[in-house]
Each structure stands twice: as structure tokens, then as C-alpha cells.
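The values are calculated or read from the model by the stated rules, or taken from the named source; none is laboratory data. Keep in mind that this is a model prediction, so the values were computed, not measured. Here Cβ is always computed from backbone atoms with ideal geometry, including for glycine, and neighbour counts include all displayed protein chains.
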Amino acid sequence: MAQPNTERAGMLKEKDRAVRFVGMSRDVASVKARVRREHAVIRTLLDVLDDAAREVHGRVSGLPALRRAVWELYVVFDDHLAMEEALVLPLLKSVDAWGPVRAENMLTEHNEQRQMLLALVDDTECDQKDASALAEEAGWLVKALRKDIDAEDEALDVLNRTAGFVPGQSDG
Ligand SMILES: [Fe+2]
């Protein structure tokens, strides 16, 4: 049985993660553009995972590709969440009186996403579910994460209300 990756993933403390984003542009337009760029990469990885899940349905031979797709998505998504917490969260807090509530909601959603992804990483690596069940779980996660990032893209414009936003500036 393979070792679960949850412990390894949990070893990075929040402070250590934030350090990686020191020096990066924090103006609203750059942050929005960065979020949208990363969402585009994540959508591609979700497509890859979706394809791998369809391929694996009932067939054990597709499991290595499914494991790889899950792991690649996990690594990129986890990094993306850390980026949003380092760069988007401070902007979100300062938008208006509802800023702290929005920030809290973002953290809650991120933690739910981390838990769902880690559960899928563990399930695909620990051989405790059959191929069809794994494919179903992966397909469900793909749908949920697509919905989340579509909603996030739409909600990004709330950042235009922050004091640092320059109207008319390209935001990618
Ligand atoms: Fe995001």
C-alpha cells in the first residue's frame, strides 16, 4: 500500500507558503491577471483528469494515468490556493465593510477544496476503492472545482472596488 500524501502536504505551514509570494506584484490588475492565468492552467488539468476518469471506468489499466492526473492537479491547485491566500486575501479584506466576511468565506472554501483533493489523492494512492468508484469520485471533483473557479472568476471584479485599483488598467 502506498503512503498517503496528506502528511507530506500538511508539513508546509501557512507562513512558509506565503514567503514564496514575497516580491510579487500586489496591484489589483496584476493579481487578477495572475488568478485568471492560473485558473486557465487548472481548467486544462481538470480536463485531463476528466478524460482519465472516463478512461478508467471499470478498467484497472487506466489507474496509473488517473493517479498521475490527480497528483498533478493537487500540486498545482494547492500552490494556487496558497497564492490566492497570499495575494488575493489581503485585497479582498480591504474592499469594503464585507471584506473580512468575503475573506473568511474564501478561506473556508479553500479548506474544503484542499480536503476534497487530499481525499482523492489518498483514495487513488491507497487502493481501497475500485476503479469505477475512483472514476466517479474524480468526475465529481472535476465538476465541483470547475464550478468553483468559474464562480471565482466572476467574483474577481469585486477587487476593482479596492483603493489601489486604477480604472481602465488592463487586467488580462
Ligand atoms: Fe482560484
_If I go through the stretch 11-43 residue by residue, how many of them are away from the ligand (no atom under 15 Å from the Cβ), under 20 Å from PHE77 (Cβ atoms) and either part of a loop (DSSP other than H, G, I, E, B) or modelled with pLDDT of 85 or more (or both)?_
5
*Does LEU134 satisfy the criteria of being under 27 Å from PHE21 (Cα atoms) and in contact (Cβ under 8 Å) with a residue 12 or more places away in the chain?*
no
*Considering (1) more than 16 Å from the ligand (Cβ to nearest atom); (2) closer than 27 Å to ASP157 by Cβ; (3) at pLDDT below 95; (4) not hydrophobic (A, V, I, L, M, F, W, C), say which one ASP47 fails and leave the rest.*
(3)
*Out of (1) more than 23 Å from PHE21 (Cα to Cα); (2) under 19 Å from the mean Cα position of the chain (by Cα); (3) among the charged types (D, E, K, R), the odd one out for GLU125 is which?*
(2)
_Among (1) modelled with pLDDT of 95 or more; (2) touching a helix residue (DSSP H, G or I) at 6+ places or on another chain (Cβ under 8 Å); (3) of a type in the set (Asp, Glu), there is one condition ASP96 misses while meeting the rest; what is its number?_
(1)
